[in-house]
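First up is the structure itself, then whatever we jot down about it.
Please treat every number below as a calculation from the coordinates, not as lab data. From a predicted model like this one, the values you see are computed outputs, not experimental measurements. Note: ideal-geometry Cβ built from the backbone for every residue, glycine included; neighbour counts use all protein chains shown.
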């Protein structure tokens, strides 16, 4: 059960993060998938401590949550910096070589 909950958590969170900019962060679809991720996380945290052989120990669950939060923040900052960098470089100064065939 723990493995299924982790898969649902990560898949729904990843989908919501990837599709959020295109669909709108407040769209029903994105909010549903964020809600599904939160529900899977809460169910996982309630289910796992009761198991004899938990998938993730209590401290591991805290690390998992912090990792998800940190990764999301890092990805947003990296995307913003990349967009800013790409906008500031004029096409004439880009280092992308495009072969031009003579006609």
Exercise for review: Could you compute the FRET efficiency for residue 77 and residue 42, with r as their C-beta to C-beta distance and R0 at 30 Å, rounded to 0.05?
Suggested key: 0.65
Revision key, fill the gap. Pseudo-spin-label distance residue 51 to residue 3, built 7 Å along Cα→Cβ, given in nm, is 0.9 nm
Check your understanding: Ranked by Cβ crowding within 10 angstrom, fewest neighbours first, how are 70, 43 ordered?
Key -> 70, 43
